[in-house]
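Structure first, commentary second.
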C-alpha cells in the first residue's frame, strides 16, 4: 500500500499537482548510489522539482538541523527535514518509522506517503 502511495505521489509531482523540493543532501546521497540505473532515475526525477535548497544555504540548514537532531533524529535525516523547513514546505514525506515517531516540531508536518495522500485528498476534494 505504501509503495503504491509513493508512486501516486510521484505521479502528482510529474503532473505538477504537488511541488517537489530537493536539496544538496538529496544530490549527495544520490551521487553515492551504487546502482547506476537508480541513480539516473532519481536524477531525472529531480528535474521535476520546483525548488533546490543548495549548498549555499548549508549554514542555515545546519542551524535548523541542530534543533531537529535534538529530537533524537540522525544528523543526515535532520538535514533533510531542515532543508524542507527552510524552503517552507508544508509536508515532509518519509517512510522512516523512527522519524515519524520522533519528530514533534511544529514547523512542518512529517507524515507517511499514505498520510500525505489523505491530507492532499481532503485539501483537493
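Contact map, the stretch 46-58: residues that are farther than 13 Å from residue 25 by Cα paired with residues that are assigned to a loop (DSSP other than H, G, I, E, B) and modelled with pLDDT of 95 or more, Cβ distance under 6 Å, separation 6+ or inter-chain. Pairs shown: 48/20; 49/20; 50/19; 51/87. Residues that are under 13 Å from residue 107 (Cβ atoms), out of contact with any strand residue (DSSP E or B) (no Cβ under 9 Å at 6 or more places or on another chain) and surrounded by 18 or more Cβ atoms within 10 Å (Cβ to Cβ): does the stretch 50-64 have at least one? For the stretch 50-64, residues under 13 Å from residue 107 (Cβ atoms), out of contact with any strand residue (DSSP E or B) (no Cβ under 9 Å at 6 or more places or on another chain) and surrounded by 18 or more Cβ atoms within 10 Å (Cβ to Cβ): present. Number of residues in the stretch 81-98 that are over 18 Å from residue 62 (Cβ atoms) and free of Cβ contacts under 8 Å to residues at least 60 places away in the same chain equals 6. In the stretch 105-124, the residue that is farthest from residue 20 (Cα to Cα) out of those that are without any contact (Cβ under 8 Å) to a residue 40 or more places away in the chain and in a helix (DSSP H, G or I) is 122. Just to be sure I understand, how many residues within the stretch 103-116 are out of contact with any strand residue (DSSP E or B) (no Cβ under 9 Å at 6 or more places or on another chain) and surrounded by 15 or more Cβ atoms within 10 Å (Cβ to Cβ)? Qualifying residue count, the stretch 103-116: 3. As a summary of the residue check, residue 88 satisfies the conditions (1) over 13 Å from the mean Cα position of the chain (by Cα); (2) at pLDDT 95 or above; (3) surrounded by fewer than 12 Cβ atoms within 10 Å (Cβ to Cβ); (4) not in a helix (DSSP H, G or I) except for the one numbered (1).
The values are calculated or read from the model by the stated rules, or taken from the named source; none is laboratory data. Keep in mind it's a predicted model, so treat the numbers as computed, not measured. Cβ sites come from the backbone with ideal geometry, for glycine too, and all protein chains shown count toward neighbours.
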